[in-house]
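The values are calculated or read from the model by the stated rules, or taken from the named source; none is laboratory data. Everything numeric here is computed off the predicted structure, so don't read it as measured data. Here the Cβ is made from the backbone with ideal geometry for all residues, glycine too, and neighbour counts use every protein chain on show.
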Amino acid sequence: MLFSKRASAVLAASLLTLTCQAALAADSLNFVSWGGTTQDAQKQAWAEPFSASSKIRVVQDGPTDYGKLKAMVESGNVQWDVVDVEADFALRAASEGLLEPLDFTTIKRDRLDPRFVSDHGVGSFFFSFVLGYNEGKLGANKPQDWTALFDTKTYPGKRALYKWPSPGVLELALLADGVAADKLYPLDLDRAFKKLDTIKKDIVWWGGGAQSQQLLASGEASLGQFWNGRVYALQQDGAPVGVSWKQNLVMADFLVIPKGAKNKDAAMKFLANASGAQGQADFANLTAYAPVNLDSISLLKPELAPNLPTAYAQDQVTLDFAYWAKNGPAIATRWNEWLVK
């Protein structure tokens, strides 16, 4: 009888421990993004209000790392619950079975821009690659479009370009070489790399938003390709930088849940909140990245309009995420070989 009582007590204690652990897990989630001003805004616009209303703690982590996400899923030891990724990766990761399908009874899909939602991801925000330039370096000689990057005589100095093999750099090279926007895909890789060869020695590569801002604000790069929100943040800080929206290249980030995430239910609720009208508007008002929720427009600050991609829809190119999801790995191989030549 004594043994039975002790066994029952041990069992009860074990069950209590497991219950507490489950409750703790359900009361928190891990959010991963790219760091810098963007993740600061995501914390302010999404994580803090979500935690206040839901009592679910959001732990910030980062930066986003695709190799790490894949390794977690394949090992079955998933530490991340919500991850901010680029749109093409979201589509490719879904096809590889790395993501949880989303619950659209929780997330309101019908109020999201259809360009920026899939069965496994919702838009975090959308943005444009724009031509940014340092006014102190170029003075009154303001560049107008992507051809300026390849005109080193008129616009001297280093060019800052995104170093990863993803949508953007190859497209702008082809546009600068005279390819019509509606004829970009499938990409003529030979032509794009040949164009980039003409300025390869003048390129400084950036891999994250904070680095890109430092290159432009310091004048280390006279001009280059930048996320529009990063240029806006510099302008708000009084940095002498300008921007051209001509042929702005529309890209998006998606929020995804890795397959096997430990706090999937909480993650679904977080995605519903982050993609909601208010959450999207709050984030846009902080960053000048555009909202993916169709009901957010009326909630934006009026003075923000000239700094959003939505104001330049007539002169923009939406990059083909599906093309990159399918062809990205092969392009990455060629890209990495070209970088080290």
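Structure notes:
- So residue 173, is it in the same structural domain as residue 91 (by TED's automatic domain parsing), modelled with pLDDT of 95 or more, surrounded by 22 or more Cβ atoms within 10 Å (Cβ to Cβ) and among the small types (Gly, Ala, Ser): no
- Top-ranked residue of the stretch 66-87 - restricted to ones that are at pLDDT 95 or above and among the acidic types (Asp, Glu), ranked as farthest from the chain's Cα centre (by Cα): 74
- Entry remark, the stretch 50-103: residues being over 23 Å from residue 252 (Cα atoms), out of contact with any strand residue (DSSP E or B) (no Cβ under 8 Å at 6 or more places or on another chain), touching a residue at least 60 places away in the same chain (Cβ under 8 Å) and surrounded by 14 or more Cβ atoms within 10 Å (Cβ to Cβ) number 1 in total.
- Scope the stretch 244-261; condition small (Gly, Ala, Ser) and outside any strand (DSSP E or B); matching residues: 260, 261
- All conditions but one from (1) crowded, with 21+ Cβ neighbours inside 10 Å; (2) within 16 Å of the chain's Cα centre (by Cα) apply to residue 164; the one that does not is (1).
- Residue in the stretch 138-148 that is assigned to a loop (DSSP other than H, G, I, E, B) and crowded, with 23+ Cβ neighbours inside 10 Å present: no
- Residue 8 vs. criteria modelled with pLDDT of 95 or more, over 23 Å from residue 230 (Cα atoms) and either among the β-branched types (Val, Ile, Thr) or out of contact with any Leu (no Cβ under 9 Å at 6 or more places or on another chain) (or both): no
- Within the stretch 149-158, the residues that satisfy the criterion of being free of Cβ contacts under 8 Å to residues at least 60 places away in the same chain and either surrounded by fewer than 16 Cβ atoms within 10 Å (Cβ to Cβ) or acidic (Asp, Glu) (or both) are 151, 153, 154.
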